[in-house]
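K.L.:
The following block contains the structure, expressed as structure tokens.
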Amino acid sequence: MADLNRAMYVVLVVGMISSSVVYIFGLILFFLQNPNPMQATLVRYTSMNEFVQQLVALRASAILMVGTIVLIATPITRVFLSVLVFAANHDRKFVIVTGSVMLILIVSLILGYFWNLSIG
Amino acid sequence: MTHALIEITLSFLAICFLTAVFAGFFGGLFGIGGGAIIVPFLTVFMGVPIHQAIAISLVSVIATSNAGGSSYLEQKITNIKLAMYLEVATTAGALVGSVVALLLRSWVLFTIFGLLLSYVAIANFKSRSMDERRIAKNEFDNAKQDRISKYLGLKGSYFDAAQRKQVDYRVNGAAKGAVISSFAGVTSGLLGVGGGIIKVAAMNLFMNVPLKGAVATSKFMIGVTAAVGALIFFVTGLVNVYVLAPIALGTTLGATLGTSIMNRLHSYVLKVAFGFLVTYLAYTMFVQALASFGIMMPMLG
């Protein structure tokens with residue numbers, strides 16, 4: 001039997017530590033790159049390419065974006081992993097339960113994407 | 001799309017961070033995300049536009065759920081299966097919530113939540129000594145289960161450090177609990193919260209789950225509920241990462257502190273403190289409902 005408690009614990013702790021480290025790094029970079037106070041505006045990228053370029057250039061905004069992606073990915077990862085753990089343990093009922101949660105998460109991602117397109 | 005004119009200085013970061021530690025601490029104690037503290041703080045004091053505040057709050061709820069959720073997993077208080085079962089209802093509710101938000105007038109929503117929170121506050125005060133009494137008599141373990149709870153094998157146990165007793169319980173009222181939890185999801189997308197207040201109440205008052213089991217399980221769940229809204233807001237580009245970073249770091253630290261002392265406190269202390277917090281939040285809901293009619297009431301003390 002795969003240990004569900006342990007698996008969930010590891011996902012959450014890795015998500016917590018890695019996002020915190022990335023955020024602290026990003027904030028330090030922010031003050032190094034902006035000696036004068038700056039407006040907190042929304043960060044938008046027109047393409048994936050632009051994001052990658054900013055990331056490689058170690059722009060604070062791109063690093064903080066990575067921390068945010070890590071955070072949002074954590075609960076999704078833990079739902080996905082729980083589907084796998086229940087499947088490994090042949091717990092069919094809970095594969096269906098956690099699979100439904102996973103499905104709803106995917107639907108909201110798609111919904112957000114189209115909503116984004118509709119408002120430009 | 002509004003762009004906030006927020007100037008990022010060290011003191012701005014420090015105020016955000018410290019407020020988030022405070023919100024995270026109580027969130028850890030009560031199994032909630034602290035979004036109900038973060039959103040008014042950002043909009044009223046920091047001048048952040050409401051949609052950005054909701055987006056920031058949703059992601060910070062994930063941060064506090066990672067920190068607090070892992071702590072309660074380590075303490076073996078979390079009921080993972082119960083969490084997974086209720087997550088179906090809360091995530092579906094969160095998805096519906098974003099659609100309903102467009103259909104209903106805001107004062108209607110605020111009034112509904114205000115009434116719901118008032119009920120939770122009163123129920124917490126009234127049931128303040130219920131948990132310890134029922135734990136002493138092993139009543140949580142002697143409950144008759146409904147068909148869903150029995151079929152899914154929903155039961156749990158943990159060690160209550162304040163009462164120095166192993167607590168076993170059997171879940172019941174699974175259908176009722178799921179319906180109430182779906183409301184928790186609806187509030188999440190609308191208000192930028194994890195819906196923890198409603199989840200804890202659903203489990204503790206309607207599903208025969210002792211308070212501490214409900215707190216730990218809710219803390220674990222809120223991250224997934226908030227992820228639904230966070231995903232939508234993130235893809236839409238409304239997450240202001242400069243404000244989010246200090247808030248997320250603060251709630252992480254606060255949740256770590258809160259969850260490390262929760263089990264040592266007596267349930268009635270938690271319930272009374274929780275009752276006061278929820279009373280205040282119910283008040284803010286009514287304030288916002290009245291504000292839609294131009295009636296201004298004092299807020300935040």
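The values are calculated or read from the model by the stated rules, or taken from the named source; none is laboratory data. Everything numeric in this text was worked out from a predicted model, so none of it was measured. Note: ideal-geometry Cβ built from the backbone for every residue, glycine included; neighbour counts use all protein chains shown.
K.L.:
With respect to A:Ala7, is the statement that it is more than 19 Å from B:Ala226 (Cα to Cα), assigned to a helix (DSSP H, G or I) and touching a Ser or Thr at 6+ places or on another chain (Cβ under 8 Å) true? Reasoning before the result, please.
P.N.:
Values: more than 19 Å from B:Ala226 (Cα to Cα): yes; assigned to a helix (DSSP H, G or I): yes; touching a Ser or Thr at 6+ places or on another chain (Cβ under 8 Å): yes.
The answer is yes for A:Ala7.
K.L.:
Quick test for you: out of B:Leu82, B:Leu73, pick the one residue that is within 9 Å of another protein chain (Cβ to nearest Cβ) and either assigned to a helix (DSSP H, G or I) or not β-branched (Val, Ile, Thr) (or both). Spell out the reasoning first.
P.N.:
Values: B:Leu82 fails: within 9 Å of another protein chain (Cβ to nearest Cβ).
After ruling out the rest, the residue left standing is B:Leu73.
The rows are residues; the columns are (1) out of contact with any strand residue (DSSP E or B) (no Cβ under 8 Å at 6 or more places or on another chain); (2) surrounded by fewer than 19 Cβ atoms within 10 Å (Cβ to Cβ); (3) among the basic types (Lys, Arg); (4) more than 23 Å from B:His266 (Cα to Cα).
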position: B:Tyr72; (1), (2), (3), (4): yes, no, no, no
position: B:Tyr85; (1), (2), (3), (4): yes, no, no, yes
position: B:Ala89; (1), (2), (3), (4): yes, no, no, yes
position: B:Gly114; (1), (2), (3), (4): yes, no, no, yes
position: B:Phe125; (1), (2), (3), (4): yes, yes, no, no
position: B:Asp131; (1), (2), (3), (4): yes, no, no, no
position: B:Ile135; (1), (2), (3), (4): no, no, no, no
position: B:Asp141; (1), (2), (3), (4): no, yes, no, no
position: B:Tyr151; (1), (2), (3), (4): yes, yes, no, yes
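K.L.:
Give me a count of the residues in segment A:65-89 that are within 9 Å of chain B (Cβ to nearest Cβ) and farther than 23 Å from A:Ser108 by Cα.
P.N.:
So the count comes out to 1.
K.L.:
Can you tell me how many residues within segment A:47-62 are part of a helix (DSSP H, G or I) and more than 9 Å from every other protein chain (Cβ to nearest Cβ)? Steps first, answer last, please.
P.N.:
Restricting attention to segment A:47-62, the residues satisfying the condition of being part of a helix (DSSP H, G or I) are A:48-56, A:60-62.
Then keep just the ones that are more than 9 Å from every other protein chain (Cβ to nearest Cβ); that gives A:48-56, A:62.
Here the count works out to 10.
K.L.:
Yes or no: segment B:200-216 includes at least one residue that is within 14 Å of chain A (Cβ to nearest Cβ) and of a type in the set (A, V, I, L, M, F, W, C).
P.N.:
yes
K.L.:
From the list B:Met207, B:Met285, which residue is under 19 Å from the mean Cα position of the chain (by Cα) and at pLDDT 90 or above? Lay out the reasoning, then the answer.
P.N.:
Numbers: B:Met285 fails: at pLDDT 90 or above.
Just one listed residue meets the conditions, B:Met207.
K.L.:
When both residues are 6+ apart or on different chains and their Cβ atoms are under 6 Å apart, which pairs have a first residue that lies in segment B:140-157 and is polar (S, T, N, Q), and a second that is surrounded by 15 or more Cβ atoms within 10 Å (Cβ to Cβ) and assigned to a helix (DSSP H, G or I)?
P.N.:
That search, which allows pairs on different chains as well, returns B:Ser149/B:Ala174.
K.L.:
Restricting attention to segment B:208-231, does a residue exist that is free of Cβ contacts under 8 Å to residues at least 40 places away in the same chain and either farther than 29 Å from B:Asp160 by Cβ or outside any helix (DSSP H, G or I) (or both)?
P.N.:
As a first pass, look at segment B:208-231 and keep what is free of Cβ contacts under 8 Å to residues at least 40 places away in the same chain: B:231.
Narrowing further to those that are either farther than 29 Å from B:Asp160 by Cβ or outside any helix (DSSP H, G or I) (or both): B:231.
Looking for residues that are free of Cβ contacts under 8 Å to residues at least 40 places away in the same chain and either farther than 29 Å from B:Asp160 by Cβ or outside any helix (DSSP H, G or I) (or both), one finds at least one in segment B:208-231, hence yes.
K.L.:
State yes or no: is B:Val48 closer than 30 Å to A:Ile24 by Cβ and not in a helix (DSSP H, G or I)? Can you show your working first?
P.N.:
On the way: closer than 30 Å to A:Ile24 by Cβ: yes; not in a helix (DSSP H, G or I): yes.
Yes: the conditions hold for B:Val48.
K.L.:
Can you find a residue that is more than 15 Å from B:Ser65 (Cα to Cα), touching a strand residue (DSSP E or B) at 6+ places or on another chain (Cβ under 8 Å) and at the interface with another protein chain (Cβ under 9 Å from one of its Cβ atoms) anywhere in segment B:226-242? Talk me through it step by step, then tell me what you get.
P.N.:
Narrowing segment B:226-242 to residues more than 15 Å from B:Ser65 (Cα to Cα): B:231-242.
Subsequent filtering for residues that are touching a strand residue (DSSP E or B) at 6+ places or on another chain (Cβ under 8 Å) retains B:242.
Subsequent filtering for residues that are at the interface with another protein chain (Cβ under 9 Å from one of its Cβ atoms) retains B:242.
Yes - at least one qualifying residue is present in segment B:226-242.
K.L.:
Could you check segment B:85-117 and list, in sequence order, the residues that are part of a loop (DSSP other than H, G, I, E, B) and charged (D, E, K, R)? Steps first, answer last, please.
P.N.:
Quick first cut of segment B:85-117, residues part of a loop (DSSP other than H, G, I, E, B) only: B:104-105.
Across segment B:85-117, the qualifying residue is only B:Arg105.
K.L.:
Mind checking which pairs have a first residue in segment A:10-26 that is more than 7 Å from every other protein chain (Cβ to nearest Cβ) and closer than 12 Å to A:Thr77 by Cα and a second that is of a type in the set (Lys, Arg) and part of a helix (DSSP H, G or I), Cβ under 9 Å, 6 or more apart or different chains?
P.N.:
Correct list of pairs: A:Val11/A:Arg78.
K.L.:
Which one of these is surrounded by 23 or more Cβ atoms within 10 Å (Cβ to Cβ) and free of Cβ contacts under 8 Å to residues at least 40 places away in the same chain: B:Val241, B:Val186? Show your work before the answer.
P.N.:
Numbers: B:Val186 fails: free of Cβ contacts under 8 Å to residues at least 40 places away in the same chain.
After ruling out the rest, the residue left standing is B:Val241.
K.L.:
Kindly check whether there is at least one residue in segment B:54-70 that is crowded, with 24+ Cβ neighbours inside 10 Å, away from chain A (no Cβ under 11 Å), at pLDDT 95 or above and assigned to a helix (DSSP H, G or I). Don't jump to the end; show me each part of the working.
P.N.:
In the first step, residues of segment B:54-70 are kept if they are crowded, with 24+ Cβ neighbours inside 10 Å; the result is B:54-70.
Among the residues that remain, those that are also away from chain A (no Cβ under 11 Å) are: B:54, B:57.
Restricting the remaining residues to those that are at pLDDT 95 or above gives none.
No, there is no match, as no residue in segment B:54-70 is crowded, with 24+ Cβ neighbours inside 10 Å, away from chain A (no Cβ under 11 Å), at pLDDT 95 or above and assigned to a helix (DSSP H, G or I).
K.L.:
So, A:Ile63, is that one within 13 Å of the chain's Cα centre (by Cα) and under 26 Å from B:Gly47 (Cα atoms) or not?
P.N.:
Numbers: within 13 Å of the chain's Cα centre (by Cα): yes; under 26 Å from B:Gly47 (Cα atoms): yes.
Criteria met by A:Ile63.
K.L.:
In segment B:140-172, what residues are over 14 Å from B:Met207 (Cβ atoms) and either β-branched (Val, Ile, Thr) or in a strand (DSSP E or B) (or both)?
P.N.:
Answer for segment B:140-172, where residues must be over 14 Å from B:Met207 (Cβ atoms) and either β-branched (Val, Ile, Thr) or in a strand (DSSP E or B) (or both): B:Ser157, B:Tyr158, B:Phe159, B:Asp160, B:Lys165, B:Gln166, B:Val167, B:Asp168.
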